[in-house]
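Below: one structure, written as structure tokens.
The values are calculated or read from the model by the stated rules, or taken from the named source; none is laboratory data. Everything numeric in this text was worked out from a predicted model, so none of it was measured. Counting neighbours? That spans all protein chains shown, and the Cβs are built from the backbone with ideal geometry, glycine included. Just the protein is used for accessible areas: all its heavy atoms, side chains included, with ligands, DNA and RNA removed. Shrake-Rupley method; radii C 1.70, N 1.55, O 1.52, S 1.80 Å.
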Amino acid sequence: MVAPTGRRLGRYHLVEPVGAGPCGEVFRAKVLGVAGMERQFAIKRFYPAVLARPEALARLQQATRAYGGLEHPRIARLAELGVAAGETFTATELVAGLDLARLVAMEPSERDRIPAGAGLGFVSAAARAMGYAHGRGVTHGGLCPTNLIATLDGDVKVTDVGVLGCRLGPRPAVDEALLGRLPYLAPEQLLGETVAAAADVFALGVIAYELVSGVRPFGGATTLEI
């Protein structure tokens with residue numbers, strides 16, 4: 001169920017929905033300060049069913065603690081993991097730009113306007129950001145085109161570090177809600193095994209292939225096919 005806009009979630013005013021994924025729905029939100037000052041955030045409101053399992057909430061708390069400690073110009077800053085009116089949410093820096101999923105979804109004629117070098121440049125920039133995170137023992141575990149945002153100045157920012165882990169159960173491949181994410185998950189993730197930095201390298205390789213060729217290296221109409 002989509003939360004209504006124009007309402008408050010804690011100190012955040014939800015302005016408009018900007019997307020949704022397997023863990024929750026995302027809104028552009030703002031916080032009003034003194035003298036009319038305003039700050040904007042991306043609020044991810046988690047689906048209650050996702051966090052119904054105690055281990056899922058524990059995973060989210062662990063992931064956001066690690067995410068909150070990252071300070072890098074190509075990683076969207078996590079402001080907080082909060083709970084308001086019984087709803088769990090994250091507040092992250094709102095990045096002005098276009099997520100790479102929209103670039104991938106362009107028609108072939110439009111995609112031709114994006115040089116392969118530019119697409120690989122985005123992936124290279126994201127890889128440097130993740131190299132920083134890996135050096136601090138943090139794995140994203142859910143890299144995909146929707147959480148890589150091409151900024152207005154031609155750079156890229158990574159969002160939602162570690163967040164997908166709260167959704168992944170022991171058998172992710174049978175979760176139909178993950179159909180759009182399975183092509184980017186490493187084999188060990190599909191088997192429910194421990195995730196390390198190699199899973200992020202795998203995902204970046206898939207994204208690079210897709211940006212350059214316009215097709216996914218691994219596809220299918222069902223989770224089993226993928």
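Counting only residues that are crowded, with 23+ Cβ neighbours inside 10 Å and touching a Pro at 6+ places or on another chain (Cβ under 8 Å), which one in the stretch 158-177 is modelled with the highest pLDDT?
The residue in question is 164.
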_Pairs, first under 15 Å from residue 222 (Cα atoms) in the stretch 178-189, second hydroxyl-bearing (Ser, Thr, Tyr) and open to solvent by 10 Å² or more (accessible area, probe 1.4 Å), C-beta under 8 Å, six or more apart_ = 178/223; 179/222; 179/223; 182/223
*The one condition in (1) surrounded by 17 or more Cβ atoms within 10 Å (Cβ to Cβ); (2) more than 18 Å from the chain's Cα centre (by Cα) that residue 187 fails to fulfil*: (1)
*Is there a residue being of a type in the set (Phe, Trp, Tyr) and within 20 Å of residue 212 (Cβ to Cβ) anywhere in the stretch 128-135?*
no
*How many residues, within the stretch 39-50, are surrounded by 18 or more Cβ atoms within 10 Å (Cβ to Cβ) and either at pLDDT below 95 or small (Gly, Ala, Ser) (or both)?*
1
*Would you check if residue 96 is open to solvent by 20 Å² or more (accessible area, probe 1.4 Å) and within 16 Å of the chain's Cα centre (by Cα)?*
yes
*In the stretch 9-38, what residues are in contact (Cβ under 8 Å) with a residue 12 or more places away in the chain, open to solvent by 20 Å² or more (accessible area, probe 1.4 Å), farther than 21 Å from residue 175 by Cβ and assigned to a strand (DSSP E or B)?*
13, 15, 16, 17, 18, 28, 30, 31, 32
*Condition test on residue 81, is it among the aliphatic types (A, V, I, L, M), under 20 Å from residue 134 (Cα atoms) and over 13 Å from the mean Cα position of the chain (by Cα)?*
no
_Which pairs turn up if I take residues in the stretch 39-50 that are over 19 Å from residue 158 (Cβ atoms) and look for partners that are among the charged types (D, E, K, R) and crowded, with 18+ Cβ neighbours inside 10 Å with beta carbon separation below 6 Å, at least 6 apart in sequence or on another chain?_
45/25; 50/167
